[in-house]
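Single-structure report; data block below.
The values are calculated or read from the model by the stated rules, or taken from the named source; none is laboratory data. Note that the coordinates shown come from a computational prediction; the quantities given were computed from them, not determined experimentally. Backbone-built Cβ (ideal geometry, glycine too); neighbour counts: all protein chains shown.
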Amino acid sequence: MNNLTCATGLAAILFATLSTPLSSAESPIQVSEIVKSTHSWDGTALPAYPQGQPEIRILKFTIAAGATLPLHQHPVINAGVLLKGKLHVEKKSGEVLILNPGDPIVEVIDTWHFGRSIGEEAAEIMVFYAGIEGKPITLKAK
């Protein structure tokens, strides 16, 4: 009987521990989900991950105030967060997304687009790419 009581008690403690959120108002560690999506910012469903050795890349872009990135597209899933400044993202079709500091973006895949820093200061964005080793993460228009 003692073994059953002990096992039940341990299971209850384990369940309580596993069901506790990563952060709470009293916790010195705070976790905030910035974005969770199965679609890019324009509403298009994200594609399946390609075959091959996965490769994660994290790039920080600093785009001077008034500067425009060249027309480009990404063959891989990527997402970012604007750290500072203001960023205008526009698809070749004319659809626009405006990002302010703290805003996330789940980028469009295989779709021509460009970005422009439209604030008073440089725009800084941190972008995470889920690519395949040896394959490009960005293709520029010719």
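General remarks:
- Residue check, VAL35 at pLDDT 95 or above, loosely packed, with under 10 Cβ neighbours inside 10 Å, of a type in the set (A, V, I, L, M) and closer than 22 Å to PRO101 by Cα: no
- Filtered residue count, segment 79-95, keeping only those that are of a type in the set (D, E, K, R), surrounded by fewer than 18 Cβ atoms within 10 Å (Cβ to Cβ) and assigned to a loop (DSSP other than H, G, I, E, B): 2
- Residue within segment 62-70 that is touching a residue at least 60 places away in the same chain (Cβ under 8 Å), crowded, with 17+ Cβ neighbours inside 10 Å and part of a strand (DSSP E or B) present: yes
- Test: ALA48 is among the aliphatic types (A, V, I, L, M), modelled with pLDDT of 95 or more, surrounded by fewer than 16 Cβ atoms within 10 Å (Cβ to Cβ) and touching a Ser or Thr at 6+ places or on another chain (Cβ under 8 Å): no
- Qualifying position, being assigned to a strand (DSSP E or B), exposed (fewer than 14 other Cβ atoms within 10 Å of the Cβ) and either at pLDDT below 95 or in contact with a His (Cβ under 7 Å, 6 or more places away or on another chain) (or both), among ILE98, ILE56: ILE98
- The C-beta contact set for segment 33-49 (first residue assigned to a loop (DSSP other than H, G, I, E, B), second residue among the acidic types (Asp, Glu), distance under 8 angstrom, 6+ apart or interchain) comprises SER40/GLU107; TRP41/GLU107; ASP42/GLU95; PRO47/ASP110.
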